[in-house]
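So the structure is just underneath, and the comments pick up after that.
The values are calculated or read from the model by the stated rules, or taken from the named source; none is laboratory data. Note that the coordinates shown come from a computational prediction; the quantities given were computed from them, not determined experimentally. Cβ: placed from backbone, ideal geometry, glycine included. Neighbour counts: every protein chain shown. Keep in mind that these areas ignore ligands, DNA and RNA; they rest on the heavy atoms of the full protein, side chains included. Shrake-Rupley method; radii C 1.70, N 1.55, O 1.52, S 1.80 Å.
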Amino acid sequence: MDMFCFQCQETSKGTGCTRVGVCGKTSEVANLQDLMIYALKGISQLATKADEIGLEIEGLDRFIVDGLFMTITNANFDRERFLEKIREALVKREEIEKILLEKNVDLSNLSDYASFRVNTDDDIIYKSNSEEVGVLSTKDEDIRSLRELITYGVKGMAAYYEHAHNLGFENKEIPKFMRKALSMITDDSLTVDELVKLTLETGEHGVKAMALLDEANTTTYGNPEITEVNIGVRNNPAILVSGHDLKDLEELLIQTQGTGVDVYTHSEMLPANYYPAFKKYDNFVGNYGNAWWKQNEEFEKFNGAILFTTNCIIPPKESYKDRVYTTGSSGYPGFKHIPDRKGDNPKDFSEIIEHAKRLPVPTEIETGKIVGGFAHAQVFALADKIVEAVKNGDIKKFFVMAGCDGRMKSRNYYTEFAQALPKDTVILTAGCAKYRYNKLNLGDINGIPRVLDAGQCNDSYSLALIALKLKEIFELNDINELPIAYNIAWYEQKAVIVLLSLLSLGVKNIHLGPTLPAFLSPNVAKVLVDNFGIGTIKDVESDIEYFLA
Ligand code: SF4
Ligand code: SF3
């Protein structure tokens with residue numbers, strides 16, 4: 001075994017990637033990511049000591065959040081960036097140690113997480129390969145399962161927090177919880193019950209992180225509104241923006257004004273089209289293509305420059321790899337990386353803009369429009385209409401089908417499921433899962449589209465707010481009494497925090513597919529089934545029958 005990773009839905013054989021990632025991650029990078037997490041756990045052990053005496057370590061929140069985000073599936077494949085970040089982690093650790101010693105905190109019994117030393121790159125690689133660093137170092141499979149469930153939830157939380165932080169929004173409680181959780185999962189004395197409790201607490205903080213991001217996005221860019229998004233192309237050179245970071249998109253839109261370069265969204269950046277603040281840019285054309293896993297084909301045809309602000313990156317084809325750029329936590333060896341902001345100054349996108357000018361215009365792959373923008377404020381504005389349709393029986397049920405898309409054939413299920421749903425049902429979606437059914441023209445009910453897209457996976461919070469609002473309007477005691485079924489598709493770790501957040505809000509009977517996570521041990525899966533009614537998908541016909549029963 002050269003590596004071990006089972007954090008995403010496409011893990012090899014449904015059990016774990018052991019030679020190379022199905023995602024294209026090399027064993028070397030996988031092990032460096034493990035060491036990155038290991039170092040962050042050590043930093044968190046020390047930082048929680050600082051938290052206990054009310055000491056704030058400057059820049060630490062950002063450092064941990066960014067380190068976690070870099071290890072999310074398909075975010076960063078760049079060995080050099082991990083080596084650099086691990087070196088920085090050790091410097092950070094020493095800084096914290098020094099501060100704690102000055103305050104006479106006892107550091108005589110530090111764990112290996114908080115005290116391991118590496119001097120050269122060879123040392124780092126050697127350490128990253130050692131048995132104590134990886135996931136399998138926890139021998140008890142239930143403890144391992146809960147530790148990883150919490151780690152992946154915290155990674156998802158970090159992604160949400162980073163976007164909010166980029167817009168100048170903070171809630172110190174969230175990174176403090178991340179440190180506490182990362183530190184607690186290194187504690188061998190914790191029981192399964194205590195870890196289950198920590199898992200639920202992770203969900204509670206997931207809700208807080210999503211609420212913070214929602215506040216950051218809507219305060220900065222306005223509330224998403226119903227929008228027809230163009231999916232065709234114009235005749236100018238262009239940049240295609242993927243990933244989830246709205247601040248990066250905004251700065252790029254400002255810097256491309258008047259340059260003759262158009263900007264399009266790809267995959268999870270599509271919902272940027274729904275924000276009022278971005279509509280004023282006349283070079284912001286619309287969306288090109290589909291979910292992340294189709295990028296090989298679509299980037300080739302786009303012809304222009306491509307910018308990744310976050311996941312999901314897949315190993316590139318020769319035909320386009322020299323015109324791809326990354327920024328933020330994302331990275332890939334050979335792609336140019338656009339450095340972070342310095343203070344209040346925006347990122348400098350001039351190189352990618354100049355590059356785009358020299359490239360051919362995009363090849364049209366489809367024409368027409370898709371409709372979205374049904375985040376909470378827009379849905380609340382339509383509440384009367386929706387409530388009336390529910391009361392008079394025109395809408396019988398809502399299906400939350402949020403989450404991720406992926407390349408496995410079994411995901412055709414979601415297209416077939418959407419097509420087979422009775423005409424008196426409405427799909428509530430968020431995340432790149434939508435690409436399985438957002439171009440199907442499923443019609444409307446009294447003018448309400450049958451697919452309501454709230455936005456990115458990051459906007460799943462909207463779906464929870466919509467459910468809570470309906471509960472209030474219908475004067476119900478329990479969110480589970482609503483005519484809402486949850487059939488969620490997952491792929492990476494942001495979907496894990498969405499799931500834990502929904503559980504913490506009391507949502508039951510969520511179906512998760514196309515398969516249950518490999519990191520759930522049978523006993524941990526049983527806890528989720530017994531307490532929350534979590535299930536997985538079977539086939540379209542019997543699942544629809546089940547949900548409508
Ligand atoms: Fe395998 Fe997924 Fe881990 Fe990539 S992220 S190595 S595909 S489990
Ligand atoms: Fe998609 Fe990667 Fe998860 Fe943001 S972009 S939902 S998979």
TODO: State whether one or more residues within the range 298-314 are of a type in the set (D, E, K, R), buried (at least 21 other Cβ atoms within 10 Å of the Cβ) and not assigned by TED's automatic domain parsing to the domain that holds Thr26.
DONE: yes
Task: Subset of the range 73-125 [within 25 Å of Thr48 (Cα to Cα), within 29 Å of the chain's Cα centre (by Cα) and among the basic types (Lys, Arg)] - done: Lys85, Arg87, Lys92, Arg93
Open item on the list: Please count how many residues of the range 446-471 are of a type outside the set (Gly, Ala, Ser), outside any helix (DSSP H, G or I) and surrounded by 15 or more Cβ atoms within 10 Å (Cβ to Cβ).
Closed with: 7
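Quick grid of which residues meet (1) open to solvent by less than 50 Å² (accessible area, probe 1.4 Å); (2) at pLDDT 95 or above; (3) farther than 30 Å from Lys172 by Cβ:
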residue	(1), (2), (3)
Cys5	yes, yes, yes
Glu10	yes, yes, yes
Lys13	no, yes, yes
Gly21	yes, yes, yes
Ser27	yes, yes, yes
Lys41	yes, yes, no
Asp66	yes, yes, no
- [ ] From Asp187, Asp122, Asp142, Asp193, grab the single residue that is assigned to a loop (DSSP other than H, G, I, E, B) and either of a type outside the set (Phe, Trp, Tyr) or open to solvent by 10 Å² or more (accessible area, probe 1.4 Å) (or both).
- [x] Asp187
- [ ] Provide a single number: the residues in the range 28-58 that are within 18 Å of Lys85 (Cα to Cα) and either within 16 Å of ligand 2 (Cβ to nearest atom) or free of Cβ contacts under 8 Å to residues at least 60 places away in the same chain (or both).
- [x] 6
Open item on the list: Can you find a residue that is buried (at least 19 other Cβ atoms within 10 Å of the Cβ), outside the structural domain of Ser12 (by TED's automatic domain parsing) and within 16 Å of ligand 1 (Cβ to nearest atom) anywhere in the range 472-490?
Closed with: yes
- [ ] For Lys98, indicate whether it is closer than 24 Å to Ala114 by Cβ, open to solvent by 40 Å² or more (accessible area, probe 1.4 Å), part of a helix (DSSP H, G or I) and modelled with pLDDT of 95 or more.
- [x] yes
Open item on the list: Here are the criteria: (1) touching a strand residue (DSSP E or B) at 6+ places or on another chain (Cβ under 8 Å); (2) more than 16 Å from ligand 2 (Cβ to nearest atom). Tell me which single one Lys25 does not satisfy.
Closed with: (2)
Open item on the list: If I ask for residues that are assigned to a helix (DSSP H, G or I) and either surrounded by fewer than 24 Cβ atoms within 10 Å (Cβ to Cβ) or modelled with pLDDT under 95 (or both), which ones from the range 43-63 would you list?
Closed with: Gln45, Thr48, Lys49, Ala50, Asp51, Glu52, Leu60, Asp61, Arg62, Phe63
Task: Filter result for Lys294 (more than 16 Å from ligand 1 (Cβ to nearest atom), open to solvent by 10 Å² or more (accessible area, probe 1.4 Å) and within 19 Å of the chain's Cα centre (by Cα)) - done: yes
- [ ] Please state which one of Gly343, Gly286 is of a type outside the set (Val, Ile, Thr) and in contact with a Lys or Arg (Cβ under 9 Å, 6 or more places away or on another chain).
- [x] Gly286
TODO: Scan the range 478-515 for residues that are in contact with a strand residue (DSSP E or B) (Cβ under 8 Å, 6 or more places away or on another chain), assigned to a loop (DSSP other than H, G, I, E, B) and within 21 Å of Lys197 (Cα to Cα) and jot them down.
DONE: Val507, Asn509, Ile510
- [ ] Tell me which residues, restricted to the range 528-549, are aliphatic (A, V, I, L, M), touching a residue at least 60 places away in the same chain (Cβ under 8 Å) and open to solvent by 50 Å² or more (accessible area, probe 1.4 Å).
- [x] Leu548
- [ ] Please state which one of Ile37, Ile72, Ile64 is away from ligand 1 (no atom under 16 Å from the Cβ) and of a type in the set (Val, Ile, Thr).
- [x] Ile64
TODO: Check Arg411 against each of (1) more than 16 Å from ligand 1 (Cβ to nearest atom); (2) in contact with a Lys or Arg (Cβ under 7 Å, 6 or more places away or on another chain) and name the one condition it does not meet.
DONE: (1)
TODO: Go through the range 49-75 and give me each residue that's among the β-branched types (Val, Ile, Thr) and over 23 Å from Lys494 (Cα atoms).
DONE: Ile53, Ile57
Open item on the list: For a quick check of your reading: which strands (runs of 3 or more DSSP E) sit entirely within the range 287-375 and have at least 2 residues that are within 15 Å of ligand 2 (Cβ to nearest atom)?
Closed with: 305-308
